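Structure, as structure tokens:
The values are calculated or read from the model by the stated rules, or taken from the named source; none is laboratory data. Remember, predicted model here, so these are calculated numbers, not experimental data. Cβ coordinates were reconstructed from backbone atoms using ideal geometry, including for glycine residues, and neighbour counts include every protein chain displayed.
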Amino acid sequence: MRVVIIGAGVMGCATALELSRRGVRDIIVLERAVPGAEASSAAAGMLAAQVESKDDAERELFVRAREGYGAWAAELRDVSGVDIGHRRSGALEIAVSAEEAEKLRARVEADRAFGLRAELLDPAAARKVEPELSPEIAAAAWFPDEGQVDPPQLLRALVAAIARAGIIVRSGATVASIVEEQGRCAGVALDSREVLRADAVVLAAGSWSSLVPGVPSTLPAVRPVRGQLVMLEERPPRLSSIVFHRHAYVVPRGDGRVICGSTMENVGHRREVTAEGVHRILATAIRIAPGLGAAELSRAWCNFRPHSDGGPHVGRSSVPGLFLATGHNGILLAKASADVVAGAVLDGRARA
Ligand SMILES: Cc1cc2nc3c(=O)[nH]c(=O)nc-3n(C[C@H](O)[C@H](O)[C@H](O)COP(=O)(O)OP(=O)(O)OC[C@H]3O[C@@H](n4cnc5c(N)ncnc54)[C@H](O)[C@@H]3O)c2cc1C
């Protein structure tokens, strides 16, 4: 059985590795640039399952994905020799008003009812967890089991692991169209006009997924949501946990690097770090932890989240032979989604 995967971001690479683990021998990953070139290496790397879930279904899925990361990190280290920086750093969500504190109380209660660890802290207790926190906080919710990975390291590990598994990765190979024959996906055509036939094609082209010619019109549009990030360096490291305030966050890596984010912008694929974006990110980061004002500004970058109003697209599509691995927060869900996609591909073979 041959499987062709479009895109070598975290979704394409994790799916390739999972298919290989389940015994598929002929897997080709096509990447128009270099593996991990886009959103996957640009992410903040938070495994913020509790803070980022909006309802019980997400909480269940996200927490399961987060809890699976330890084993995946160990497996990737064993096969690739690369440490992906998986750490249970914990996360604080801060409130600066009584109204925000009330929302945090409700969130903490919902998590506890779910059997998860969460605690509402007064300002003094919050500063025991993170002494650098702003004096203006009214309360904080503490989620000790939230974690993080270092995305560029995750992609290095995945790319090394799939190469060792004998999976072919073709860099600089742009898929120009999906080939459909008699209502079935039969492979892909490259911009070089080469046609690669396949028993299954997996679309993992991130925020470009809707732009691949031949993608069925039944696939709800995946659109780019630009996010900018700024990296600061503090020496010595002072922060240790992820801290959120509303949609903003600081993610200390534990070694002095602090990733501050982010923006959510509907500007298409405009690859620009803007003055306004950096200004807003830094203003909020310094409000969260005033000591960051003295940290060195190391670099800033942006990339594109693959967002879809139709929710994540993971598994079978409306076209037989074409599978989807796109449209969601891929760092947290990468392994969990790769399991679903690999299962669907192999289930598709069993039915064929
Ligand atoms: C600023 C920012 C912060 C983020 N923080 C987090 C976080 O903390 N936690 C979290 O879980 N998620 C986070 N995300 C989201 C996460 O980065 C993405 O959901 C995830 O990386 C998507 O992975 P992907 O493989 O689908 O896409 P990508 O990594 O974008 O990979 C898609 C690949 O497909 C290739 N491609 C596209 N078209 C073609 C074609 N026609 N032919 C061949 N190749 C093609 C591209 O070159 C690219 O390499 C963040 C995203 C951003 C932008």
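Evaluate the following for VAL215: is it β-branched (Val, Ile, Thr), in a strand (DSSP E or B) and in contact (Cβ under 8 Å) with a residue 24 or more places away in the chain?
Numbers: β-branched (Val, Ile, Thr): yes; in a strand (DSSP E or B): no; in contact (Cβ under 8 Å) with a residue 24 or more places away in the chain: yes.
No.
Take the residues in region 19-44 that are within 6 Å of the ligand (Cβ to nearest atom) and more than 20 Å from GLY172 (Cβ to Cβ); name whichever of them is nearest to the chain's Cα centre (by Cα). Please lay out each step first, then the result.
Of all residues in region 19-44, those within 6 Å of the ligand (Cβ to nearest atom) come to 30-33, 37-40, 42-44.
Those still in the list that are more than 20 Å from GLY172 (Cβ to Cβ) too: 43-44.
Numbers: ALA43: 6, ALA44: 8 Å.
Among those residues, the one meeting the criterion is ALA43.
Looking at this structure, is ARG197 modelled with pLDDT of 95 or more, more than 23 Å from the chain's Cα centre (by Cα) and away from the ligand (no atom under 14 Å from the Cβ)?
Values: modelled with pLDDT of 95 or more: yes; more than 23 Å from the chain's Cα centre (by Cα): yes; away from the ligand (no atom under 14 Å from the Cβ): yes.
Taking the combined requirement at face value, the residue satisfies it.
Hey, among VAL175, VAL230, VAL212, which residue is under 21 Å from ALA43 (Cβ atoms) and under 26 Å from the mean Cα position of the chain (by Cα)? Please lay out each step first, then the result.
Details: VAL175 fails: under 21 Å from ALA43 (Cβ atoms); VAL212 fails: under 21 Å from ALA43 (Cβ atoms).
Every option except VAL230 fails the conditions.
Please verify whether region 292-309 includes one or more residues that are under 30 Å from ASP347 (Cα atoms), exposed (fewer than 12 other Cβ atoms within 10 Å of the Cβ) and within 20 Å of the chain's Cα centre (by Cα). Steps first, please.
Kept after step one, since they are under 30 Å from ASP347 (Cα atoms), are these residues of region 292-309: 305-309.
Add one more test, that the residue is exposed (fewer than 12 other Cβ atoms within 10 Å of the Cβ), and what stays is 309.
The next check asks that each one be within 20 Å of the chain's Cα centre (by Cα); those that pass are 309.
Within region 292-309 (the criterion being under 30 Å from ASP347 (Cα atoms), exposed (fewer than 12 other Cβ atoms within 10 Å of the Cβ) and within 20 Å of the chain's Cα centre (by Cα)), the answer is yes, since at least one residue qualifies.
Test of understanding: among MET264, MET231, which residue is hydrophobic (A, V, I, L, M, F, W, C), modelled with pLDDT of 95 or more and touching a Gly at 6+ places or on another chain (Cβ under 7 Å)? Spell out the reasoning first.
Details: MET231 fails: touching a Gly at 6+ places or on another chain (Cβ under 7 Å).
Going through MET264, MET231 in turn, the sole match is MET264.
Looking only at region 314-337, how many residues end up being outside any loop (DSSP other than H, G, I, E, B) and more than 25 Å from GLY70 (Cα to Cα)?
Of all residues in region 314-337, those outside any loop (DSSP other than H, G, I, E, B) come to 314-316, 322-326, 330-337.
Adding the requirement that they be more than 25 Å from GLY70 (Cα to Cα) leaves 316, 322-324.
Total satisfying the criteria: 4.
Every residue, every condition in (1) more than 26 Å from the chain's Cα centre (by Cα); (2) more than 13 Å from the ligand (Cβ to nearest atom); (3) at pLDDT 95 or above; (4) buried (at least 17 other Cβ atoms within 10 Å of the Cβ), yes or no:
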site: TYR69; (1), (2), (3), (4): no, no, yes, yes
site: VAL82; (1), (2), (3), (4): no, yes, yes, yes
site: ALA91; (1), (2), (3), (4): no, no, yes, yes
site: ALA95; (1), (2), (3), (4): no, yes, yes, yes
site: GLY115; (1), (2), (3), (4): no, yes, yes, no
site: ALA125; (1), (2), (3), (4): yes, yes, yes, no
site: PRO151; (1), (2), (3), (4): no, no, yes, yes
site: LEU154; (1), (2), (3), (4): no, no, yes, yes
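Residues checked against (1) free of Cβ contacts under 8 Å to residues at least 40 places away in the same chain; (2) more than 14 Å from the ligand (Cβ to nearest atom); (3) out of contact with any Phe, Trp or Tyr (no Cβ under 9 Å at 6 or more places or on another chain):
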{"residue": "ALA8", "(1), (2), (3)": "no, no, yes"}
{"residue": "MET11", "(1), (2), (3)": "no, no, yes"}
{"residue": "LEU17", "(1), (2), (3)": "no, no, yes"}
{"residue": "MET46", "(1), (2), (3)": "no, no, no"}
{"residue": "ASP56", "(1), (2), (3)": "no, yes, no"}
{"residue": "ARG87", "(1), (2), (3)": "no, no, yes"}
{"residue": "ALA98", "(1), (2), (3)": "no, yes, yes"}
{"residue": "GLU102", "(1), (2), (3)": "yes, yes, yes"}
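Look through region 200-230, keep the residues that are small (Gly, Ala, Ser) and within 25 Å of CYS302 (Cβ to Cβ), and return whichever of them is farthest from the ligand (Cβ to nearest atom).
Kept after step one, since they are small (Gly, Ala, Ser), are these residues of region 200-230: 200, 204-207, 209-210, 214, 217, 221, 227.
From the residues that got through so far, the ones that are within 25 Å of CYS302 (Cβ to Cβ) too are 204-207, 209-210, 221, 227.
On the way: ALA204: 5, ALA205: 4, GLY206: 3, SER207: 6, SER209: 7, SER210: 10, ALA221: 15, GLY227: 3 Å.
Taking the candidates together, the pick is ALA221.
Counting residues that are in contact with a Cys (Cβ under 6 Å, 6 or more places away or on another chain), which strands (runs of 3 or more DSSP E) fully inside region 240-296 reach at least 1? Break it down stepwise before answering.
On the way: elements: 242-245, 248-252, 257-261.
Passing ranges, in order: 248-252.
Output the qualifying pairs, or none if there are none: Cβ atoms under 9 angstrom, residues six or more apart or on different chains, first residue in region 331-344 and closer than 17 Å to ALA8 by Cβ, second residue within 7 Å of the ligand (Cβ to nearest atom) and β-branched (Val, Ile, Thr).
ILE331/VAL10; ALA334/VAL10; ALA338/VAL10
Quick grid of which residues meet (1) among the hydroxyl-bearing types (Ser, Thr, Tyr); (2) within 13 Å of the ligand (Cβ to nearest atom); (3) under 30 Å from VAL201 (Cα atoms); (4) touching a Lys or Arg at 6+ places or on another chain (Cβ under 7 Å):
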site	(1), (2), (3), (4)
ILE281	no, yes, no, no
ALA289	no, no, no, no
PHE304	no, yes, yes, yes
HIS313	no, yes, yes, no
PHE323	no, no, yes, yes
ILE331	no, yes, yes, no
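I'd like the full set of residues that are among the aliphatic types (A, V, I, L, M), over 16 Å from VAL201 (Cβ atoms) and touching a strand residue (DSSP E or B) at 6+ places or on another chain (Cβ under 6 Å), limited to region 1-47. Break it down into steps so the answer makes sense when it comes.
First, the residues of region 1-47 that are among the aliphatic types (A, V, I, L, M): 1, 3-6, 8, 10-11, 14, 16-17, 19, 24, 27-30, 33-34, 37, 39, 42-44, 46-47.
Okay, now just the ones that are also over 16 Å from VAL201 (Cβ atoms), so 10, 14, 17, 33-34, 37, 39, 42-44, 46-47.
VAL34, ALA39, ALA42, ALA44, MET46, LEU47 - these are the residues of region 1-47 that are among the aliphatic types (A, V, I, L, M), over 16 Å from VAL201 (Cβ atoms) and touching a strand residue (DSSP E or B) at 6+ places or on another chain (Cβ under 6 Å).
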